[in-house]
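Working notes, beginning with the structure itself.
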């Protein structure tokens, strides 16, 4: 996984502050792989009631703090969309 | 009047024209909302939504460029753009840097997710319609700063 412990802390604390204390954050996409270089930070989050403006606040805040492009997917608990299945299957829970 | 101040006024004149187009689009989109069946929308209604999306985006984009020109004129930092926003917040031209960025992200996201879930799409347009008057107010505050700081002639 190509994230530093400080970056992981930033992601988890920001997601919990903005989206809710009980959210689980999963890293997926290219940053899961050590051998790949560059790339966005792809994050998948499930919460009871996804809220568009909270999602946007979380994404903007993460991009500001990490100084990297962030792609944030927020879905309801138990979502079975293709992107949810990919994130759950290939991702790493932070 | 310096060339650069003349350029700021030119940008403000252009922004004023964009504002009128946006105001028209706001009224058109407001009449369409709430949209219960996206499949039933006619071509002209899709065009109304598209025009609003583009005008909203371009208006904020151009306002940002005008703000940057003001920051440069006042010899304030203009890079990264957050520095311009912080200066505008200090002047009282925008409510907050975070709100500006959230609105910008909102219009980026709607462009990205345009063909996705109808419920999400509806929420995007609701939020953009809600944010549009904030942009108009910030525009007014930018004009006020320029009118009190720069002579037009």
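Total residues in region A:34-62 satisfying the condition of being within 14 Å of chain B (Cβ to nearest Cβ) and assigned to a loop (DSSP other than H, G, I, E, B): the figure is 4. Does region A:68-80 contain any residue that is closer than 22 Å to residue B:106 by Cα, assigned to a helix (DSSP H, G or I), at pLDDT below 95 and out of contact with any helix residue (DSSP H, G or I) (no Cβ under 6 Å at 6 or more places or on another chain)? There is no residue in region A:68-80 that is closer than 22 Å to residue B:106 by Cα, assigned to a helix (DSSP H, G or I), at pLDDT below 95 and out of contact with any helix residue (DSSP H, G or I) (no Cβ under 6 Å at 6 or more places or on another chain).
Every test in (1) surrounded by 13 or more Cβ atoms within 10 Å (Cβ to Cβ); (2) more than 14 Å from chain A (Cβ to nearest Cβ); (3) modelled with pLDDT of 95 or more is passed by residue B:45 save one, and that test is (3).
Checked against (1) in contact with a helix residue (DSSP H, G or I) (Cβ under 9 Å, 6 or more places away or on another chain); (2) surrounded by 17 or more Cβ atoms within 10 Å (Cβ to Cβ), residue A:84 meets all criteria but (1). Candidates in region B:127-145 are the residues that are within 11 Å of chain A (Cβ to nearest Cβ) and in contact with a helix residue (DSSP H, G or I) (Cβ under 9 Å, 6 or more places away or on another chain); of these, the one that is farthest from residue B:40 (Cα to Cα) is B:131.
Criterion applied to A:25, A:18 was being more than 19 Å from residue A:90 (Cα to Cα) and either out of contact with any strand residue (DSSP E or B) (no Cβ under 6 Å at 6 or more places or on another chain) or crowded, with 20+ Cβ neighbours inside 10 Å (or both), and the one residue passing it is A:18.
Only a single criterion out of (1) at pLDDT 90 or above; (2) surrounded by fewer than 20 Cβ atoms within 10 Å (Cβ to Cβ); (3) within 14 Å of another protein chain (Cβ to nearest Cβ); (4) in contact with a helix residue (DSSP H, G or I) (Cβ under 9 Å, 6 or more places away or on another chain) is not satisfied by residue A:10, namely (3). So, residue B:109, is that one within 11 Å of chain A (Cβ to nearest Cβ), assigned to a helix (DSSP H, G or I) and under 30 Å from residue B:37 (Cβ atoms) or not? Judged against the criteria, residue B:109 is a match.
The values are calculated or read from the model by the stated rules, or taken from the named source; none is laboratory data. Model, not experiment: these values are computed from the prediction. Note: ideal-geometry Cβ built from the backbone for every residue, glycine included; neighbour counts use all protein chains shown.
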